[in-house]
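Before any comments, here is the structure.
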Amino acid sequence: MTPSRLFTSVMILTMVGILQLPGVFAQDSALVIRDITLVNPGEKPAGNQTIVIQGDKIRDVGLSGEIAIPDAAHIIEGKGKYAIPGLIDTHVHFFQSGGLYTRPDIIDLRSRVPYQQELQRIRNELPETFRRYLRSGVTAVADVGGPMWNFEVRRRARQSSRAPLVTVAGPLISTYQPQALTTGDPPIIKPPSIDSARSLVRAQVQQGADYIKIWYIVRSGDPSKHLELVSAAIDEAHRHNKPVLVHATELTTARAAVEAGADALVHSVTDTVVTDSFAQLLKKNDVIYTPTLTVFESYPEVFSQQIDLTLEEHRWSDPEVISSLFDLSKMPADSLPRFIQNAMKQKDKVTTDQEALKNLKLLYNAGVTIAAGTDAGNIGTPHGPAIYREFELMRQAGLSPSEILETATINGARFMGKEKDLGSIREGKLADLLVLEKNPLEDIKNTGSIYRVIKNGESHNPEQLLESSPAKVVQRQVNAYNARDIEGFASFYSEDIRIYAHPKQLRFSGRDTLYARYKTQFESNPKQHAAIQKRIVLGNHVFDRERVTGLSRNGPIQAVAHYVIENGKIQEVYFTH
């Protein structure tokens, strides 16, 4: 049979339901999750439930034995597992990568990596970035501002079966113009007049913007001098029935924005503890508050080179993006801005913004709607798994697992204006949900124990969503090595890892032994760093020429490491010094 006839036959068989392509179900077939514990936000868990999915919608939810299972349905056995709605990240920026070179307005490294090169890589990597969100269990995201090509991002997501639901804002209407981001299609624009602000709102409305975003940044002077522009943009957006999101991290600007009609505050107030009157103002006006705790932690960690990633960030982030975060330590100190030089001399461990944590708990207790968001794309905040660090910081603020889950499901759906379709597992809603191995109400970290991702009714094995090439596995362990993260580092090695001195002299074996040895090494060498000077990949063999610095007892070491990868883990390593 010729290739063209084979293709035609496959398509015909698929359309009539005789042949099933992996992960794809015929229009008249059903997906059934049987005997699972259902965890809906704000409700007690319900055991022994069956969920029937037809097409991209949830058809039935109820007690097993009382729900009819359609003939020829694809069955997922849910006994001992948990179903939760897909997670929602209400604050991301697709025009940023999460890497070191993505915000030249904050640290200008364009002489090393041209900004246009950074933007082109971001656009090229969009399909994989989408998959990173699904791998992390995030089935919907709100991009809250970027260039006009943000609307292309939304279009591309809609055309992909392996992408989250994406809503977008266009360029941020700003009270301050960052010159380093002023390209031909800038993500942030300071309108020269009130009329220009209204025109910019209308231009985004014509593109079908889901939101209008305002950047209420006051570098100096009285914040009220910008209020007329902010108010005009809010008024124009509301004329077109578009919700307005405001970046305002000071209590005075946050209050002014809400009084002018803002629908959501997309960052924490960080300059002071919020007042009860402010909390009541948010509650009265039904303003949603997205704390974005992780971004306040990520920047100082990168600038001080105290990078501390979660296991999910090590495993599911773009390893090249994560690798770039360590580049500051390879640059001559006198070539860096003074504030970076000072940060790198800092000896105290970076801690989370305490005002942001206090304000989250105060506002939650006051009944303000909290929606989880990360500000992913900013330096040190990777797309996809950053949601897990946000959860951990919410836990530190005093929220329970069930409260955190609510912020990332039904409250996220409210933020997006899609609570009729998303945020809970109910008949008629979109079939966007996760099947977990562990109970998320016992520990919010268990939201990462993903057995299956269901997006628009299609079941995805999470392990097959991201490429796990030998080079990526090795780079991820290098990143964990440079972060001196023993848990992350050891996770990339097999249980029976064997470490040799070239050519075949066994130094030690076993992941437990590796863990103990490197834990001691990391603790004794707080500035150690491995720079990869050259890499050769031959099948499942990766050869790295490395230069290791920061070892307390030795000067720089030159070495060649030969890694053998099997089943996504490092099985053997051969070192030559």
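Looking only at residues in the stretch 185-199 that are touching a Pro at 6+ places or on another chain (Cβ under 9 Å) and either acidic (D, E) or closer than 15 Å to Q116 by Cβ (or both), the one that is least open to solvent (accessible area, probe 1.4 Å) is P187.
For the stretch 386-402, which positions are outside any helix (DSSP H, G or I) and either open to solvent by less than 30 Å² (accessible area, probe 1.4 Å) or touching a residue at least 12 places away in the same chain (Cβ under 8 Å) (or both)? Result: G398, L399.
When we screen T270, T253, T249 for residues that are over 20 Å from the mean Cα position of the chain (by Cα), assigned to a loop (DSSP other than H, G, I, E, B), without any contact (Cβ under 8 Å) to a residue 60 or more places away in the chain and more than 27 Å from I122 (Cα to Cα), the only hit is T249. The test for being assigned to a helix (DSSP H, G or I) and crowded, with 23+ Cβ neighbours inside 10 Å does not hold for A142. Scanning the stretch 154-172 for residues that are open to solvent by less than 10 Å² (accessible area, probe 1.4 Å) and in a loop (DSSP other than H, G, I, E, B) gives A163, P164, G170, P171.
Taking the condition crowded, with 21+ Cβ neighbours inside 10 Å, among the charged types (D, E, K, R), touching a residue at least 12 places away in the same chain (Cβ under 8 Å) and within 28 Å of G170 (Cα to Cα), does D263 pass? Considered against the rule, which asks whether it is crowded, with 21+ Cβ neighbours inside 10 Å, among the charged types (D, E, K, R), touching a residue at least 12 places away in the same chain (Cβ under 8 Å) and within 28 Å of G170 (Cα to Cα), D263 comes out as yes. For the stretch 214-228, the count of residues that are over 15 Å from V144 (Cα atoms), modelled with pLDDT of 95 or more and touching a strand residue (DSSP E or B) at 6+ places or on another chain (Cβ under 8 Å) is zero. Checking the conditions here, which among L281, L328, L309 is within 25 Å of P526 (Cβ to Cβ), assigned to a helix (DSSP H, G or I) and either open to solvent by 10 Å² or more (accessible area, probe 1.4 Å) or of a type in the set (A, V, I, L, M) (or both)? Answer to the check: L328. Here's a check for you: in the stretch 507-549, which residue that is touching a Ser or Thr at 6+ places or on another chain (Cβ under 8 Å) and assigned to a loop (DSSP other than H, G, I, E, B) is farthest from D327 (Cα to Cα)? Only one residue fits best here, namely N525. Among the conditions (1) free of Cβ contacts under 8 Å to residues at least 24 places away in the same chain; (2) surrounded by fewer than 17 Cβ atoms within 10 Å (Cβ to Cβ), V548 misses just one, which is (2). Within the stretch 342-365, the set of residues being assigned to a loop (DSSP other than H, G, I, E, B) and open to solvent by 90 Å² or more (accessible area, probe 1.4 Å) comprises K345, K347, D348, K349, T351. Of all residues in the stretch 111-123, those that are closer than 18 Å to M331 by Cβ have Cβ atoms under 9 Å from Cβ atoms of residues that are at pLDDT below 95 and surrounded by fewer than 17 Cβ atoms within 10 Å (Cβ to Cβ), 6 or more apart or on another chain, in R112/M331; Y115/A180; Y115/T183. In this structure, E463 qualifies as open to solvent by 60 Å² or more (accessible area, probe 1.4 Å), at pLDDT below 95 and either acidic (D, E) or under 24 Å from R132 (Cβ atoms) (or both). D496 satisfies every condition listed in (1) out of contact with any Gly (no Cβ under 7 Å at 6 or more places or on another chain); (2) open to solvent by 50 Å² or more (accessible area, probe 1.4 Å) except (1). Does F151 count as open to solvent by less than 30 Å² (accessible area, probe 1.4 Å) and part of a loop (DSSP other than H, G, I, E, B)? Here the answer is no, as F151 does not meet what is asked. Out of the stretch 173-184, which residues are assigned to a loop (DSSP other than H, G, I, E, B), in contact (Cβ under 8 Å) with a residue 12 or more places away in the chain and either touching a Phe, Trp or Tyr at 6+ places or on another chain (Cβ under 7 Å) or open to solvent by 10 Å² or more (accessible area, probe 1.4 Å) (or both)? Answer for the stretch 173-184, where residues must be assigned to a loop (DSSP other than H, G, I, E, B), in contact (Cβ under 8 Å) with a residue 12 or more places away in the chain and either touching a Phe, Trp or Tyr at 6+ places or on another chain (Cβ under 7 Å) or open to solvent by 10 Å² or more (accessible area, probe 1.4 Å) (or both): T175, Y176, Q177, T183.
The values are calculated or read from the model by the stated rules, or taken from the named source; none is laboratory data. Because the structure is a prediction, the values reported are computed rather than measured. For neighbour counting, all protein chains shown are included, and Cβ atoms are generated from backbone atoms with ideal geometry for every residue, glycine included. Side chains are part of the model used for accessible areas, which takes the heavy atoms of the whole protein and leaves out ligands, DNA and RNA. Shrake-Rupley method; radii C 1.70, N 1.55, O 1.52, S 1.80 Å.
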